[in-house]
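Working notes, structure below.
The values are calculated or read from the model by the stated rules, or taken from the named source; none is laboratory data. From a predicted model like this one, the values you see are computed outputs, not experimental measurements. All Cβ positions, even for glycine, are placed from backbone atoms using ideal geometry, and neighbour counts span all protein chains on display.
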Amino acid sequence: ERRTVVVVGAGPAGLTVGNILRAADVDCVVLETESRRFIETRPRAGVIEEWAVRGLRQRGLADSLTARAQVHSACEFRFGGERFRFDYSELTDHHHYVYPQPLLVTDLVREYADVRGGDIRFGVRDVTLHDLESDPAVSYLDPTTGERHVLHCEFVAGCDGARGVTRDAIPDGRVRIARQDHGIAWLALLAEAPPSSDCVLFGVHPNGFAGHMARSPEVTRYYLQCPPGDDPESWSHDRVWGELRERLGAAGAPPLTEGRLTEKRVLDMHDYVVEPMVFGRLFLAGDAGHLTAPIAAKGMNLALHDAFLLGDALAAHATKGDDTGLEGYSHACLRRVWDYQEFSHFLSGIYHGTASGDPFLAGTSLARLRRLFTSRAAATAFAEQYLGAAAAF
Ligand code: FAD
């Protein structure tokens with residue numbers, strides 16, 4: 001079997017690339033190890049930046065999102081027992097959209113497979129990449145027959161996330177991988193409870209960071225900083241809600257609305273960046289090429305940014321023989337990636353300094369926070385980075 005592009009992974013990056021290729025009539029196939037139902041219900045991100053929604057809209061991929069996403073214009077920091085509302089839209093004229101990742105993935109699969117007639121194969125096993133520098137191919141085991149299929153292609157889009165196989169197909173020494181470990185973890189929680197505030201809450205507390213993010217009128221995501229490798233089972237319902245109440249407590253704040261916890265996962269906070277994001281005919285996109293700990297809610301946005309650039313570049317190559325997009329791909333992605341990594345790192349200092357046990361880091365963390373509420377210039381710069389509006393294109 002021969003295809004122009006094999007896309008490995010049906011997350012936001014892979015499905016967006018697939019949709020762009022289908023719209024341009026480029027022959028492609030998407031391979032995914034999980035089932036359709038699994039990827040349509042996997043909870044993860046929820047915050048999408050304005051430019052990313054615009055990018056989806058321009059490619060005909062944002063109809064449901066536009067109808068259903070919530071628009072957020074402010075967040076609230078809680079520290080020293082007080083509440084500080086941060087109205088980033090007033091400072092920048094930009095806002096955030098809140099739209100759960102499973103809904104976006106559901107929209108993208110439906111558009112790709114059911115509307116644009118794209119080929120997608122779920123449940124594939126043992127995906128293997130071959131001859132990436134000469135005559136690429138991707139092979140996999142068909143789950144029903146147990147047979148190995150080989151797909152010859154011109155390009156491979158490596159969109160298989162942080163635990164995929166495409167990055168590992170690059171021989172040692174051919175790319176540089178920069179890594180950063182924050183030495184902390186977050187307990188990621190989903191609660192069957194309506195949001196407890198009309199905006200995102202960040203609690204910066206001596207016990208550790210706590211976060212509150214609306215996902216829908218019925219579901220709220222919470223985060224609690226915890227030691228790396230902590231056992232989620234050691235966090236009982238009562239312990240979670242007690243700690244959330246303490247870390248997010250502030251004078252005049254309404255009580256948190258409690259509910260059953262449907263997800264409890266410990267995420268070790270680490271980042272990496274693969275440079276360049278290209279090896280031979282393999283182009284990495286999204287978490288396969290770079291991981292940003294969810295501290296600044298940037299990962300899905302970066303995945304979409306890569307996917308727009310890669311989808312457009314592959315379409316330009318296939319339809320017009322124009323290779324400028326492919327040649328500049330890695331450089332263009334990495335500018336935004338490094339900008340977001342730097343912001344995430346800065347934010348990590350704010351969120352985690354007070355609980356570090358180091359009075360110096362606690363002091364600088366609170367100084368950074370106070371500056372947001374005393375200097376309009378500092379607040380505007382922060383808001384631009386928070387919204388992804390300051391990144392160099
Ligand atoms: P993925 O979504 O990981 O998709 C990769 C796909 O490839 C998956 O479907 C996987 O099953 C498949 N796959 C894996 N291996 C193979 C293989 N060998 N062969 C074929 N397929 C394979 N980002 C934000 O922007 N905002 C947020 O608010 C936010 N919150 C987050 C909260 C949490 C708890 C977590 C964990 C992440 C959060 N992120 C957030 C990050 C965001 O979810 C990711 O950055 C995003 O999913 C990356 O998209 P992707 O398409 O690159 O990878």
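Are any of the residues in the stretch 285-295 at pLDDT 95 or above, within 23 Å of the chain's Cα centre (by Cα), more than 18 Å from Val8 (Cβ to Cβ) and not assigned by TED's automatic domain parsing to the domain that holds Pro43? Looking for residues that are at pLDDT 95 or above, within 23 Å of the chain's Cα centre (by Cα), more than 18 Å from Val8 (Cβ to Cβ) and not assigned by TED's automatic domain parsing to the domain that holds Pro43, one finds none in the stretch 285-295, hence no. If you go through the stretch 210-242 and keep only what is more than 19 Å from Thr257 (Cβ to Cβ) and not small (Gly, Ala, Ser), you end up with Gln225, Cys226, Pro227, Pro228, Asp230, Asp231, Pro232, Glu233.
Yes or no: the stretch 196-205 includes at least one residue that is within 16 Å of the ligand (Cβ to nearest atom), exposed (fewer than 13 other Cβ atoms within 10 Å of the Cβ) and touching a residue at least 12 places away in the same chain (Cβ under 8 Å). Scanning the stretch 196-205 turns up no residue that is within 16 Å of the ligand (Cβ to nearest atom), exposed (fewer than 13 other Cβ atoms within 10 Å of the Cβ) and touching a residue at least 12 places away in the same chain (Cβ under 8 Å).
Among the numbered conditions (1) of a type in the set (A, V, I, L, M); (2) within 14 Å of the ligand (Cβ to nearest atom); (3) touching a Cys at 6+ places or on another chain (Cβ under 9 Å), the only one that Ala137 does not meet is (2). At least 2 residues being in contact (Cβ under 8 Å) with a residue 12 or more places away in the chain and surrounded by fewer than 17 Cβ atoms within 10 Å (Cβ to Cβ) is the threshold, and among the helices (runs of 4 or more DSSP H) wholly inside the stretch 265-374 those reaching it are 324-353, 359-372.
Is it true that some residue in the stretch 160-169 is within 13 Å of the ligand (Cβ to nearest atom) and at positive phi? Yes; the residues of the stretch 160-169 include at least one that is within 13 Å of the ligand (Cβ to nearest atom) and at positive phi. Consider the stretch 6-47 and keep the residues that are of a type in the set (Lys, Arg) and either touching a Pro at 6+ places or on another chain (Cβ under 8 Å) or crowded, with 24+ Cβ neighbours inside 10 Å (or both). The one that is farthest from Leu151 (Cα to Cα) is Arg44. Comparison of Glu49, Glu76, Glu82 shows that the only residue that is under 18 Å from the mean Cα position of the chain (by Cα) and in contact (Cβ under 8 Å) with a residue 60 or more places away in the chain is Glu49.
The residue list Ala157, Ala188 contains one member that is within 24 Å of Gln341 (Cβ to Cβ) and either hydroxyl-bearing (Ser, Thr, Tyr) or in contact with an Asp or Glu (Cβ under 7 Å, 6 or more places away or on another chain) (or both), which is Ala188.
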